[in-house]
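The values are calculated or read from the model by the stated rules, or taken from the named source; none is laboratory data. All of these numbers come straight from a predicted model, not from anything done at the bench. We place every Cβ from the backbone using ideal geometry, glycine too, and count neighbours over all the protein chains shown.
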Amino acid sequence: HFFAWPRLPGFTTLLTCTLLEMSARPPPLLAEPLVQLSNQLLRCTHLHSVLVKIVFHRCSVHDVRAVSTTLNLMNSWMTALLHRLQEDRMRPADAAPLSQPLLRSTFDFAFFFRGMAVLFDSEHVQVLLKACEFLYRHFDLLPDHQADKMRTTMLRGCLTRLQLHWSAEVRSFFA
């Protein structure tokens, strides 16, 4: 059910503390209740861009565990977004929640694409596989214009390198 978090007394304090706590720790060290709270906050607010920036800034491409945790966390946010989108499609128009579940135009796609490009520039097999899996899984959530930009970026910068990658797993996963 939709809950208007911003109308809750103390919401601003809760939000500030949540964002500060998330920005103070690397993604593998985030407590599970904090992750669950971030998912709940995204049900009615459009903090996707802020949260993605926080976890990307706290992640090192050389730390496979951090990359995996970061992409798993972003996966949980995007999966929840997709489920809300599907639920809203099944509801009558007058019963739909006030918030729109799609990634909005205010989402910082340029930052997100730069972050994904850093992951795709890695030579580490697990990093590349996790990044490919994440994009394949959530490509449908990107608006058409942004999806085209991502395709162009991938085709120009990474296609040949990933198709000729030394690891057969990467080659077959990317194909």
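Taking the criterion of being β-branched (Val, Ile, Thr), outside any helix (DSSP H, G or I), in contact with a helix residue (DSSP H, G or I) (Cβ under 9 Å, 6 or more places away or on another chain) and modelled with pLDDT of 90 or more, would at least one residue in region 68-77 satisfy it? No - not one qualifying residue is present in region 68-77. Each residue in region 126-175 was checked for being out of contact with any helix residue (DSSP H, G or I) (no Cβ under 9 Å at 6 or more places or on another chain) and of a type in the set (Phe, Trp, Tyr), and 0 of them qualify. Among residues of region 104-121 that are within 12 Å of LEU142 (Cα to Cα) and in contact (Cβ under 8 Å) with a residue 12 or more places away in the chain, those with a beta-carbon under 6 Å from a residue that is of a type outside the set (Gly, Ala, Ser) and assigned to a loop (DSSP other than H, G, I, E, B) at least six positions away or on a different chain give the pairs ARG104/HIS46. Here SER105 fulfils each of the conditions (1) over 17 Å from the mean Cα position of the chain (by Cα); (2) exposed (fewer than 12 other Cβ atoms within 10 Å of the Cβ); (3) at pLDDT below 85; (4) outside any helix (DSSP H, G or I) apart from (1). One residue stands out in region 155-175 among those that are crowded, with 17+ Cβ neighbours inside 10 Å and not aliphatic (A, V, I, L, M): the one that is modelled with the lowest pLDDT, namely PHE174. Looking across SER38, SER49, one residue alone is crowded, with 18+ Cβ neighbours inside 10 Å, of a type in the set (Ser, Thr, Tyr) and either closer than 20 Å to HIS83 by Cβ or in contact (Cβ under 8 Å) with a residue 40 or more places away in the chain (or both). It is SER38. Residues in region 118-154 that are assigned to a helix (DSSP H, G or I), small (Gly, Ala, Ser) and modelled with pLDDT of 90 or more: ALA131 only.
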